[in-house]
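The values are calculated or read from the model by the stated rules, or taken from the named source; none is laboratory data. Note that the structure is predicted; figures quoted are calculated from it, not measured. Here the Cβ positions follow ideal geometry from the backbone for every residue, glycine too, while neighbour counts run over all protein chains shown. Heads up: the accessible areas ignore ligands, DNA and RNA and are worked out on the full protein's heavy atoms, side chains in. Shrake-Rupley method; radii C 1.70, N 1.55, O 1.52, S 1.80 Å.
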Amino acid sequence: MSVDDKDIVLEGIAASAGIAIGKVFLLEENFCFVCKEVPKSFREAEKKRFDDAIEKTRSEFTITYNRINDVLGENYARIADVYLLILDDPTLKKNVYKLITDGINAEYALFKAIDKIIHFFENINDSFFKERKVDIQDVGKKILANLFCKKGKNLIRVDEESIIIANNLTPSDTVSVRGKKIAGFATDIGGKTSHTAIIAQGLAIPAVVGLKNISLLVKAGETIIIDGDKGEVVLNPSSKTLLHYKNKYDLQLSRTVELEKLKNLISETTDNHKIFIFANIDHSDEVPLILNKGAVGIGLYRTETIYFNRDSIPKEQEHFDIYYRVVQEISPYAITIRTFDLGGDKLTKMGLLNLGFESNPSLGLRSIRLCLKYPEIFISQLRAILRVSVLGKVKLMYPMISCLAEVRAANAILNKVKEDLRRENIKFNENMEVGVMIEVPSAGVVIDSIAKEVDFVSIGTNDLIQYMLAVDRVNENVAYLYDPMHPAILRFIKRIVDEGHKARIKVAMCGEMAGEPKYTPVILGMGLDEFSVSPSQIAPIKKIVRSVSFMDCKTIADKVLKLEDSKSILKEIDLFCETRDINT
Ligand code: PEP
Ligand code: MG
């Protein structure tokens, strides 16, 4: 943190480009720490309020139990039993009542009582009891949410042009601000390629993440500035600083107008090498926006948002209705629908309670692994995708593939679904292309085998970098190590491209690396066939493509592939851009 006159500048991670000036809307997570004195005459009512919250939580757990029981059977449903046991613990109630009798509000009393139980468990030298800590905390949070009469974070009250400040925003929180005029957001935790950051880019909301303690430093209603380009937040801005950023904001608007002129131009290099620039979308509503930005198709439709902010698993018809609209809107362009990639930082409730209990969710039961474990959920989605495949150029893509066996297992389910549809006389495109994401290093190593069994591959650099460099993509503490220009990453990408081409299939890139203009000449030169980027990055990437020659790009790619560290690689790229007057 640096202090200049009145300004307080906080440095974080640039998550979504742009400038935002607005008033703080603070999403308080620490509300449980607020201790208020309750007058004697209100203490019985306070106990009743606590009892009501317990009952509400109990009925939620019962619904969850029934839902898991229906979908996954009793063994899984028993997970919810643990929650009910904690909820009914007489010591919890006794301790909360005692504190309320002493004049403490129900929220704080609950926080203290839960804290006491956790301490007790922590002191038992047994890993089973130590691990129950998370369950107890979770139950505490649920009761607390009901004491506050709200489920999770309440973004409904957000005013127009607010800047949301939170310790963390989950991808589902971020999706829920869609349609509201949020000026920007900033969070204590998170990394550049966290899904929250990616969704913010899709919504064109300037955002800075990984600020460590901004949620403790700001006050609701105060004016702050988000600089999503530099990854900075200015608190307490002086009038001089405000003017500086207002000018920057205006400049940004005029740049956007300038870039819009590229909308209808094709993306080809000065020596006529054509490259497709598709859009990544997270939500079905985004199609008009991406067409307006000049996208020539959708290279990645992240369908997991269909599963967010709900308590039930979407049914086939719901999937179909959503895809039907998207396919109609994007036609005659192509769309690649990725089957759901839940887990990791994209947790959802949906009754699959055990999803939240993994100690290392990025390496856990996520994505295609979930699909293969719960085929009934996967099948509903596959049926809907196959049914829309006759309505446009629809391709299907599996995420998080780590070995050939997973491709085969997913395809076996797909083939079974196709057989069912044939039997039911339901039409689908028999030749629908099926591809995989290459985002787990092991899949990249065996790309030669995988490429023989799929129609295309798309490199998911967000995860690929995370797994190759062992850097959690949502952890701000290691964000400095998250380096797309690491020689290992570049050489690996080159190998994937070459092996894909050997097998005569197209190789796309849909991770955030594809949307970074600075990297465009190198990625282009490595021979990628397609880029799929956040909507806001379509025009900036097209601008670079149109100002370079493919020959030059190949030369710089060959050069940097021989370099030994990212610093020298970046220096080479800067030199390339400077000599061609390219402004990235
Ligand atoms: C990726 O990992 O690069 C990718 C595009 O998928 P996601 O960001 O949804 O994990
Ligand atoms: Mg991924």
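Please pick out the residue among VAL457, VAL445 that is within 13 Å of ligand 1 (Cβ to nearest atom) and of a type in the set (A, V, I, L, M, F, W, C). So that I can check it myself, show each step before the final result.
On the way: VAL445 fails: within 13 Å of ligand 1 (Cβ to nearest atom).
That would be VAL457, the only listed residue that is within 13 Å of ligand 1 (Cβ to nearest atom) and of a type in the set (A, V, I, L, M, F, W, C).
So that you can scan it fast, the table gives a plain yes or no per residue for (1) away from ligand 2 (no atom under 16 Å from the Cβ); (2) open to solvent by less than 70 Å² (accessible area, probe 1.4 Å):
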residue	(1), (2)
LYS373	yes, no
GLU376	yes, no
ARG383	yes, yes
LEU386	yes, yes
LYS393	yes, no
TYR398	no, yes
ILE413	yes, yes
LEU421	yes, yes
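Total residues in the stretch 101-118 satisfying the condition of being more than 18 Å from ALA145 (Cα to Cα), over 33 Å from the mean Cα position of the chain (by Cα) and assigned to a helix (DSSP H, G or I): the figure is 3. Within the stretch 526-536, being open to solvent by 10 Å² or more (accessible area, probe 1.4 Å) and free of Cβ contacts under 8 Å to residues at least 40 places away in the same chain holds for one residue alone: GLY527. Annotation note: of MET437, MET468, the sole residue that is surrounded by fewer than 19 Cβ atoms within 10 Å (Cβ to Cβ), modelled with pLDDT of 95 or more and within 13 Å of ligand 1 (Cβ to nearest atom) is MET468.
What are the residues in the stretch 178-204 that are over 16 Å from GLU512 (Cα atoms), in a loop (DSSP other than H, G, I, E, B) and open to solvent by 10 Å² or more (accessible area, probe 1.4 Å), if any?
From the stretch 178-204, those over 16 Å from GLU512 (Cα atoms) are 178-189; that's our starting set.
Adding the requirement that they be in a loop (DSSP other than H, G, I, E, B) leaves 178-181, 188-189.
ARG178, GLY179, LYS180, LYS181, ILE189, listed by residue number.
Counting only strands (runs of 3 or more DSSP E) that fall entirely inside the stretch 220-309 and contain at least 3 residues that are over 20 Å from PRO332 (Cβ atoms) and touching a strand residue (DSSP E or B) at 6+ places or on another chain (Cβ under 7 Å), the qualifying elements are 223-227, 232-235. Of all the numbered requirements in (1) of a type outside the set (Gly, Ala, Ser); (2) open to solvent by 10 Å² or more (accessible area, probe 1.4 Å); (3) closer than 30 Å to GLU286 by Cβ, VAL209 misses one, and that requirement is (2). When ALA113 is tested against (1) open to solvent by 40 Å² or more (accessible area, probe 1.4 Å); (2) at pLDDT 80 or above; (3) touching a Ser or Thr at 6+ places or on another chain (Cβ under 9 Å), just one condition goes unmet, and that condition is (1).
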